[in-house]
Every structure is written in structure tokens, then in C-alpha cells.
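See below for the structure under consideration.
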Amino acid sequence: MPMLDAALRFAAFLTFTIATGLGRLAGGDRARLFRWWGRWMLRLTRARVTIRGPVPQPPFLLIANHLSYFDIALLAAHVD
């Protein structure tokens, strides 16, 4: 069963990523689509997110060290 679960999650990842790309090609709002994608990636991985402190308000410069692949979805879901 773990292999089936992993295969279904990977298929969902591909589906949401392709849908986001197609939505962007169709002229969709880039920020809204990227946030939608990030939230779905967090749901797919069953991530629990704890935010400490205020989320930065624009304008700001955000620099991530990319110690993991996961920070992209996390930042996409929570930061404009």
C-alpha cells in the first residue's frame, strides 16, 4: 500500500503542476496560481506548518537558502 500511496501522490503532484502551468499559459494570475499550487503541495505531503512571527508585507526581499525542496511550496503557499 505505501507504494500505491506514493504513486497516487506523485500523479497528483504532476497533475497540479501541469494544471498550474496550463493556467498560466491561459493568462491566469501568476501569484494566485502559484499560491494554489503551494497549498496543494502542502496538502499532498500532509505537512504541518507553524508560522512564527508576522508574514512579511510587500515590498520586501525574501531570500531562502533552499536546504530542502520543500521551502518552495511552503513559501508559495504563505507569502505573496
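When LEU42 is tested against (1) open to solvent by 50 Å² or more (accessible area, probe 1.4 Å); (2) of a type in the set (A, V, I, L, M); (3) in contact (Cβ under 8 Å) with a residue 12 or more places away in the chain, only condition (1) is not met. Would you please name the residue that is nearest to the chain's Cα centre (by Cα), looking only at residues in the stretch 46-72 that are within 30 Å of LEU4 (Cα to Cα), surrounded by fewer than 12 Cβ atoms within 10 Å (Cβ to Cβ) and not basic (Lys, Arg)? Of everything passing the filter in the stretch 46-72, TYR69 is nearest to the chain's Cα centre (by Cα). Residues in the stretch 1-34 that are of a type in the set (S, T, N, Q) and open to solvent by 70 Å² or more (accessible area, probe 1.4 Å): THR15 alone. Here TRP37 meets the list (1) modelled with pLDDT under 85; (2) surrounded by 10 or more Cβ atoms within 10 Å (Cβ to Cβ) almost entirely, failing just condition (1).
The values are calculated or read from the model by the stated rules, or taken from the named source; none is laboratory data. What you see is a predicted model, and the numbers here were worked out from it, not measured in a lab. Reconstructed Cβ throughout: ideal geometry from the backbone, glycine too, with neighbour counts over all protein chains shown. Side chains are part of the model used for accessible areas, which takes the heavy atoms of the whole protein and leaves out ligands, DNA and RNA. Shrake-Rupley method; radii C 1.70, N 1.55, O 1.52, S 1.80 Å.
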